[in-house]
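Student: So that we are looking at the same thing, I have put the structure below in structure tokens.
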Amino acid sequence: MHARIALCPGDGIGPEVLVEARKVLDAVADRFGHSISYSEHLIGGAAIDATGTALPDDTFAACAAADAVLLGAVGGPKWDDPKATVRPEQGLLAVRQRLGLWANLRPVAPYPCLYDRSSLRPERLAGVDLVVIRELTGGLYFGTPKERTIGPDGRRAVDTLVYTEHEIRRVVEMAFRIAATRRCKVTSIDKANVLESSRLWRQVAIEVAEQHPRIRVEHMLVDSAAMRLITHPSQFDVIVTENMFGDILTDEAAVLSGSIGLLPSASLGDGPRGLYEPIHGSAPDIAGHSVANPVGTILSVAMMFRFSLGLEREAQVIERAVEDALRDGCHTRDLGGTFTTEAMGGAVRDRLEEAAADASSAMLARSI
Ligand code: IPM
Ligand code: MG
């Protein structure tokens, strides 16, 4: 198989974690006889510094021509002035929207060997295996008007929360399809007691549920869901929610795993092309120190094999190698260890061969 991958390292620890993820990708491609061609592009603050814009045209063109995009992170204090009109995050939001990547999958399945790194008690974590499907190209992030004005009462700002039926239906349908491959439960999260957009969300979710009688469905208000994610996390299987709620809840869910540095994500749309990135962000406080955890990005590569390249075995080999490394005590600083970013990437690569040997038919049943 041949694949074209667009690499967008971005800012902060983005470039550091991407280097390690690419080495794992290369090792797996070698092992299984795939050829990968890479191109590397500016995005975010790095792109603003070089070109004045957060998503240069050639970056977008390369992402649109690739089979998959692997992204590090964007943002940092250098570009954080609230008065700035050009911001690194615009690059990420624009690439998600212009590539039509309307669903963001964020799986959270804490490793038993890391239960003691979480701020939750181990008995709360037993059996937690959930995936959040976050709507990614609608809602408050993109609704218009989105502006500042000056009126008689001084400065005024507005963001708009708008959803169409079509935008809701396609992401909720994806949640039901994925639930059918897992524990057959969907939790749709909204704020239907207050927001009109959430009442439409709930209505569409109920309609979609009627087409999937085998799947249990529950509707939960976002405030209550925020609490239950911590008090009863093992009750969730597939969560589906709108853009902003999903952004907030997935950082919260990261606490379950012991470190946000472990968590990957896949952004998908109508076709196989996807954008893969860790959920942790640019972490400017630790950038350049070689202490960032590359696992979130390495697991994003696994998701890339699964969803964009259709190579489930390769995905599982990476996931197995990561789990083996963590179980063997290879931990970066966020997990209380002393492994550098590079050493952690190496620890995963060292375990690929054994993981591949284990890649028996027994492994292949699982999909996400
Ligand atoms: C995320 C991030 C982004 C978002 C930022 C960097 C724009 O927090 O991917 O969760 O809010 O979507
Ligand atoms: Mg976020």
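Student: Give the long-range amide H neighbours of Val132: residues separated by 5 or more places, or on another chain, with amide H under 5 Å away, using H modelled in the peptide plane at 1.01 Å from N.
Tutor: Arg106, Val108, Ile239
Student: Could you grab the Rg to Rh ratio for the chain? Cα atoms only, Kirkwood for Rh. Can you show the working numbers first?
Tutor: Details: Rg = 20.1 Å, Rh = 21.0 Å.
Looking at the chain, the ratio lands at 0.96.
Student: Would you compute, from DSSP H runs of 4+ residues alone, the mean residue ellipticity of the chain at 222 nm, taking -39500 (n - 2.57) per run and dividing by the full residue count, rounded to the nearest 500?
Tutor: -13000 deg cm²/dmol
Student: To continue, here is another question. Output ³J(HN,Hα) for the stretch 30-42: one whole-Hz value per residue in order, computed from phi by the Karplus curve 6.51 cos²θ - 1.76 cosθ + 1.60 with θ = phi - 60°, and x for Gly and Pro.
Tutor: Running phi through 6.51 cos²θ - 1.76 cosθ + 1.60 with θ = phi - 60° gives 4, 4, 9, x, 9, 10, 10, 10, 10, 9, 10, 9, 7 Hz.
Student: What number do you get for the stretch 1-144 when its Cα radius of gyration is normalised by 2.2 N^0.38 Å, N = residues?
Tutor: Numbers: Rg = 17.8 Å, N = 144, 2.2 N^0.38 = 14.5 Å.
Computed over Cα atoms of the stretch 1-144, the ratio equals 1.23.
Student: Once all Cα-Cα distances of the stretch 1-41 are split into 5 Å bins that start at 0, what whole-number percent is in each one?
Tutor: Each 5 Å bin holds this share of Cα pairs: 6, 22, 29, 23, 13, 5, 1.
Student: Let me ask you something else. So what's the gap between the Cα centers of the stretch 157-215 and the stretch 265-281, to the nearest angstrom?
Tutor: With the stretch 157-215 and the stretch 265-281 each reduced to a Cα centre, they are spaced 20 Å.
Student: Return the FRET efficiency for the residue pair Asp30, Cys113: r is the Cβ-Cβ distance, R0 is 25 Å, and the value is rounded to the nearest 0.05.
Tutor: Working: r = 28 Å, r/R0 = 1.12.
Result of the calculation: an efficiency of 0.35.
Student: If the stretch 250-368 were replaced by its equivalent ellipsoid, with semi-axes equal to the square roots of 5 times the Cα gyration tensor eigenvalues, what would those be, largest first, whole Å?
Tutor: Details: eigenvalues 108, 71, 28 Å².
Over the Cα atoms of the stretch 250-368, the semi-axes work out to 23, 19, 12 Å.
Student: OK, next. What Kirkwood radius, in Å to one decimal, follows from the Cα pairs of the stretch 180-262?
Tutor: On the way: mean 1/r = 0.0744 Å⁻¹.
Mean inverse Cα-Cα distance, inverted, gives 13.4 Å.
Student: Just the number, please: percent antiparallel of the DSSP beta bridges in the chain, rounded to the nearest 5. Write out the running numbers ahead of the final one.
Tutor: On the way: 20 of 49 bridges.
Counting only bridges with both partners in the chain, antiparallel ones make up about 40 percent.
Student: Take the Cα pairs of the stretch 246-318, get the Kirkwood Rh, then feed it into Stokes-Einstein at 10 °C and 1.306 mPa s and tell me D in µm²/s.
Tutor: Numbers: Rh = 13.1 Å.
D, rounded to a whole number, is 121 µm²/s.
Student: Report the gain in length on full extension from Lys78 to Ser234: 0.36 nm times residue separation, minus Cα-Cα distance, nm rounded to one decimal. Spell out each step's value before the answer.
Tutor: Details: separation 156, 0.36 × 156 = 56.16 nm, distance 3.96 nm.
Fully extending the segment from Lys78 to Ser234 adds 52.2 nm.
Student: Assuming a viscosity of 0.890 mPa s and a temperature of 25 °C, what translational diffusion coefficient in µm² per second does Stokes-Einstein assign to the stretch 38-85, Rh being the Kirkwood radius over Cα pairs? Write down the numbers at each step before the final one.
Tutor: Working: Rh = 11.6 Å.
It diffuses with D of about 211 µm²/s by this estimate.
Student: Quick one: net charge around Gly139, please, counting Lys, Arg +1 and Asp, Glu -1 for every other residue with C-beta under 13 Å from its C-beta.
Tutor: Details: positive: Arg96, Arg134, Lys146, Lys191; negative: Glu135, Asp159, Glu167, Asp190, Glu196, Glu242, Asp247.
Cβ neighbours under 13 Å give a net charge of -3.
Student: Right, next: Given 37 °C and 0.692 mPa s, how large is the Stokes-Einstein diffusion coefficient of the stretch 92-161 in µm²/s, with Rh as the Kirkwood radius over Cα pairs? The partial results should precede the final answer.
Tutor: Values: Rh = 15.7 Å.
Translational D for this selection: 209 µm²/s.
Student: Considering the zone a paramagnetic label at Lys185 would reach in this model (a point 7 Å from Cα along the Cα-to-Cβ line), which residues of the stretch 123-159 have amide N under 17 Å from it?
Tutor: 123-133
Student: Using amide H atoms built 1.01 Å from N in the peptide plane, name the residues 5+ places from Thr160, or on other chains, whose amide H lies under 5 Å from its own.
Tutor: Gly143
Student: Of the chain, which part is the longest with no trypsin sites (Lys or Arg not before Pro) in a loop (DSSP not H, G, I, E, B) and with at most 11 other C-beta atoms within 10 angstrom? Please report the intermediate quantities before stating the final value.
Tutor: Numbers: sites that count: Lys83, Arg214.
So the longest stretch without any such site is 215-368.
Student: Can you run phi through the Karplus equation (6.51, -1.76, 1.60; θ = phi - 60°) for the stretch 124-130 and list ³J(HN,Hα) in whole Hz, with x for Gly and Pro?
Tutor: Rounded to whole hertz, the list is 6, 8, 4, x, 6, 7, 10.
Student: Using only the alpha-carbon atoms of the stretch 119-257 as identical scatterers, what base-10 log of I(q)/I(0) does the Debye formula give at q = 0.14 Å⁻¹?
Tutor: With no solvent term, the Cα-only Debye profile gives -0.66.
Student: Now, a different point. Arrange the peptides 249-255, 58-64 so that the one whose residues have, on average, the most other Cβ atoms within 10 Å appears first.
Tutor: Numbers: 249-255: 19.6, 58-64: 17.4.
My ranking of the peptides, most packed first, is 249-255, 58-64.
The numbers here are math on the coordinates, done by the rules we state, and not lab data. Quick caveat: nothing in here was measured; it's all calculated off a predicted structure. Using ideal geometry, Cβ is built from the backbone for each residue, glycine included, and neighbour counts are taken over all protein chains shown.
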